[in-house]
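Values quoted throughout were computed directly from the atomic coordinates according to the rules given, and no laboratory measurement underlies them. Keep in mind the model is a prediction, meaning the values are calculated, not measured. When we count neighbours, we look across all protein chains shown, and the Cβ atoms used for this are built from the backbone with ideal geometry, even at glycine.
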Amino acid sequence: MIVTDEQVELTTPYGPMRTHIVKPVAAGKYPGIVFYSEIFQITGPIRRTAAMLAGHGYIVAMPEIYHEFEAPGEVFPYNQAGTDRGNVLKTTKELASYDADARAALDHLAARPDCTGQLGAMGICIGGHLAYRTALNPDVRATVCFYATDIHKHGLGKGMNDDSLQRAVDIEGELLMIWGRQDPHIPLEGRMAVLHRLNEVGATFTWHEVNGAHAFLRDEGARYDPELARQCVTLALDLFHRKLGQGDLTGPAASTNTRN
């Protein structure tokens, strides 16, 4: 499907949050996916991944995760300075603010006239953790987490004492957890801690470990593995198609403000 872009400013208790929307041009109703970026915010690779998701029949909402600290549209470079800034903000931001952002994005999607009301989440790196926390909301039916950082060590948010593992019991939808075995940020013992907890609470989930480094999904940089990325994106789409559907086309595609 051809897709189009728009931006919305969502109200949160911690200030306005610019949210980037990518959706099919064709008229109709589509499921909604909240898609969370890495610590660098809405970079080129994140935009391209969102466009790919939208092109398969979804309205994809990308919140700027550090909206209370940075000007709208701020993107950090994929270098040491960008990494340092993103990591500082990761543990400066209140955990409650991350959760409020998730609820605002979900509510926006559910209220849209072009959304079916079927909701999912997906995220990469810190975004994988944020997608996991979004799954704590009962209206989220399907969630994909790519190498979700810090779940195993309770390291998200100010104070680095999040309750993500404890609250696994609150997840009602289905999870797809994808990890790189050569990822130093989530070592074996960390992955096993998450796996044990999901099994302990009887969560509905699928677990995949691949021979990939951290950021193997990102189509920029030396760690990108296009074959692994293709395989894992297919798994994600399979879950979303099965749990959320693919929308209800009712009219022809428009011919302006589009991109391939």
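Summary table
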item: Within segment 68-97, considering residues that are among the β-branched types (Val, Ile, Thr) and in a helix (DSSP H, G or I), the one surrounded by the fewest Cβ atoms within 10 Å (Cβ to Cβ); result: 88
item: Qualifying residue in segment 98-112 (condition: within 12 Å of the chain's Cα centre (by Cα), in a helix (DSSP H, G or I) and either farther than 16 Å from residue 134 by Cβ or among the polar types (S, T, N, Q) (or both)); result: no
item: Hits in segment 183-200 (condition: surrounded by fewer than 14 Cβ atoms within 10 Å (Cβ to Cβ) and outside any helix (DSSP H, G or I)); result: 184, 187
item: Output for segment 1-39, where each listed residue is part of a loop (DSSP other than H, G, I, E, B), of a type in the set (S, T, N, Q) and within 16 Å of residue 50 (Cβ to Cβ); result: 37
item: Exclusive hit being farther than 20 Å from residue 23 by Cα, within 15 Å of the chain's Cα centre (by Cα) and of a type in the set (Ser, Thr, Tyr), set 149, 143; result: 149
item: Conditions (1) surrounded by fewer than 16 Cβ atoms within 10 Å (Cβ to Cβ); (2) among the β-branched types (Val, Ile, Thr); (3) outside any helix (DSSP H, G or I): number failed by residue 116; result: (1)
